[in-house]
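What follows is calculated from the coordinates using simple rules that are stated; it is not laboratory data. Please read these numbers as outputs of a predicted model, since none were measured by experiment. Cβ: placed from backbone, ideal geometry, glycine included. Neighbour counts: every protein chain shown.
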Amino acid sequence: MPDMPPWLRLTELELSIAVHVQPGARRTAIVGLHGERLKVAVQARATDGHANAALIKVIAEALKQPPSSLRIASGIASRDKRVAAPRGSMGADEILRCLWPK
């Protein structure tokens with residue numbers, strides 16, 4: 001298994017991603033690191049859960065999973081969040097490739 005970055009935790013069934021969200025950004029994308037968290041910029045504003053929904057959508061697309069399978073495990077009202085997703089059959093290398101900015 002590769003060295004795991006501090007923002008990613010894996011178990012047999014689930015992966016957990018520590019993210020820092022930048023709402024109201026110019027574009028929606030996984031952009032890099034913010035400290036020990038994966039930084040995700042979203043165009044949606046942080047009102048009425050729009051930024052959270054956009055975050056779930058971008059992570060789900062990167063992991064090729066339906067958005068309904070992901071959840072915000074902590075930090076629902078914060079820029080620093082933890083997103084949980086089913087691991088499925090993905091290996092650690094594949095997960096890292098999917099989540100790293102392109």
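Its Cα centre serving as origin, the chain has a Cβ charge dipole (Lys and Arg +1, Asp and Glu -1) of approximately 400 debye. The simple spin-label model puts a point 7 Å past each Cα toward its Cβ; for SER16 and ALA73 those points are separated by 0.4 nm.
Against the main long axis of the alpha-carbon atoms of the chain, helix 50-63 sits at an angle near 30°. Subtracting the Cα-Cα distance of GLU61 and ARG27 from 0.36 nm times their residue separation leaves 10.7 nm of extension gain.
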